[in-house]
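Below: one structure, written as structure tokens.
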Amino acid sequence: MPSPADSYQAVYVEDWQGGLDARIGVQANLGGIAIVDDPVFRGGKVVRASISRDENFSHIANGAPRAELLFPTPVSFAQGQDYLIRWSTFLPSSFEFDDKQLVIVTQIHQGILAGSPTIALTLLGSRYAISERGGLHPERVSAAKWICCADIDRGKWVHWTLRYVPDDSGKKALTELWKDGVSVFTSKGAPNSYLNDQHAYLKIGMYKSGWNSRQSNVTRIQVFFGPVDVSRRSLLPAIGGDQAQADTVRREGGEASQQNHVEKNNETY
């Protein structure tokens, strides 16, 4: 598994100790997103995302149930770059799984078009799923895999690492996912970027598009998210000298907190 030390440059580090960065977009009802105490590590701060089926989401984004954070401009995914994204999820011990419809818990969303997200980590029943799409036919999934077993993850932090090399042709495309340091998904040569997209962005939280219209086993969902760390390295000759370093955003204490932790088509998401 690669690490930021492998010639990657920091783009954004957030440990939530200073509260919610004002530049982060919030798509949630009041109370749907909150910074709270870490349920495991004393002194830590984390994001709590909550949604209930009886909430009114009509004024949130496209009106579908969600509680999500949109990361600021430095966290932008362009073709010709190699990205490393690290984050953590925590399912409460009382978490109830819905085997009738999925919920997206992390996504890389295309920057220019509506449609299903380029990369999506979801929960359906007690299984995770990772999927990617892009190229000429983004309405179709280009690669995907079920990942076992979310039911044994309740009450503990799960640490994710995503290596993402976007390419709309698929020729240089690479998507790799690790769960607690173990490789769980690799896709190489499949389109993983929408055509000509140079501004895909990161979202964490929950998005449950069909909750208002389809059957479901649950009426409330709550997930916690730990520190987020995004870094990159170029696959192309450097342009503009130290611009990558100039774009870096680092919140106070982010690196230390991350180390502590680790030790539907045509639908707008």
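The values are calculated or read from the model by the stated rules, or taken from the named source; none is laboratory data. For clarity, every value in this text was computed on a predicted model and none was experimentally measured. Neighbour counts run over all protein chains shown; Cβ positions are idealised from the backbone, glycine included.
Please work out if S58 is hydroxyl-bearing (S, T, Y), outside any strand (DSSP E or B) and over 15 Å from the mean Cα position of the chain (by Cα). I'd like the intermediate steps shown before the answer.
Numbers: hydroxyl-bearing (S, T, Y): yes; outside any strand (DSSP E or B): yes; over 15 Å from the mean Cα position of the chain (by Cα): yes.
Considered against the rule, which asks whether it is hydroxyl-bearing (S, T, Y), outside any strand (DSSP E or B) and over 15 Å from the mean Cα position of the chain (by Cα), S58 comes out as yes.
Only one of S213, S193 is polar (S, T, N, Q) and modelled with pLDDT under 95; which? If you could, list the steps in order and put the result at the bottom.
Values: S193 fails: modelled with pLDDT under 95.
Only one candidate passes the filter, namely S213.
State whether the residues of the range 18-34 include one that is in contact with a Pro (Cβ under 7 Å, 6 or more places away or on another chain) and of a type outside the set (D, E).
Looking for residues that are in contact with a Pro (Cβ under 7 Å, 6 or more places away or on another chain) and of a type outside the set (D, E), one finds at least one in the range 18-34, hence yes.
If we scan the range 73-90, do we find a residue that is in contact with a Gly (Cβ under 6 Å, 6 or more places away or on another chain) and buried (at least 18 other Cβ atoms within 10 Å of the Cβ)?
yes
Consider S169 carefully, then state whether it is modelled with pLDDT under 95 and surrounded by fewer than 16 Cβ atoms within 10 Å (Cβ to Cβ).
no
Would the range 1-13 turn up any residue that is surrounded by 14 or more Cβ atoms within 10 Å (Cβ to Cβ), of a type outside the set (A, V, I, L, M), in a loop (DSSP other than H, G, I, E, B) and on the phi > 0 side of the Ramachandran plot?
No - not one qualifying residue is present in the range 1-13.
Between a residue in the range 217-230 that is among the charged types (D, E, K, R) and any residue that is surrounded by fewer than 18 Cβ atoms within 10 Å (Cβ to Cβ), which pairs come within a Cβ distance under 9 Å, given they are 6 or more apart or on different chains?
R220/S52; R220/R53; R220/D54; R220/E96; D229/E255
Those residues that are among the acidic types (D, E) and closer than 21 Å to S231 by Cα, I need them from the range 145-189; list them, please.
D167, D168, E176, D180
I'd like the full set of residues that are crowded, with 23+ Cβ neighbours inside 10 Å and of a type in the set (D, E, K, R), limited to the range 95-137.
Matches in the range 95-137: E132, R133.
I'd like to check which strands (runs of 3 or more DSSP E) are fully inside the range 116-206 and have at least 1 residues that are under 13 Å from the mean Cα position of the chain (by Cα) and on the phi < 0 side of the Ramachandran plot.
119-124, 127-133, 157-165, 174-179
Return the residues of the range 27-43 that are surrounded by fewer than 18 Cβ atoms within 10 Å (Cβ to Cβ), not in a strand (DSSP E or B) and not basic (K, R); say none if nothing qualifies.
L30, G31, P39, V40, F41, G43
Return yes when R154 is basic (K, R), touching a helix residue (DSSP H, G or I) at 6+ places or on another chain (Cβ under 7 Å) and closer than 16 Å to I221 by Cα and no when it is not.
No.
What do you reckon, is E68 under 21 Å from Y12 (Cα atoms) and either at pLDDT 95 or above or outside any loop (DSSP other than H, G, I, E, B) (or both)?
yes
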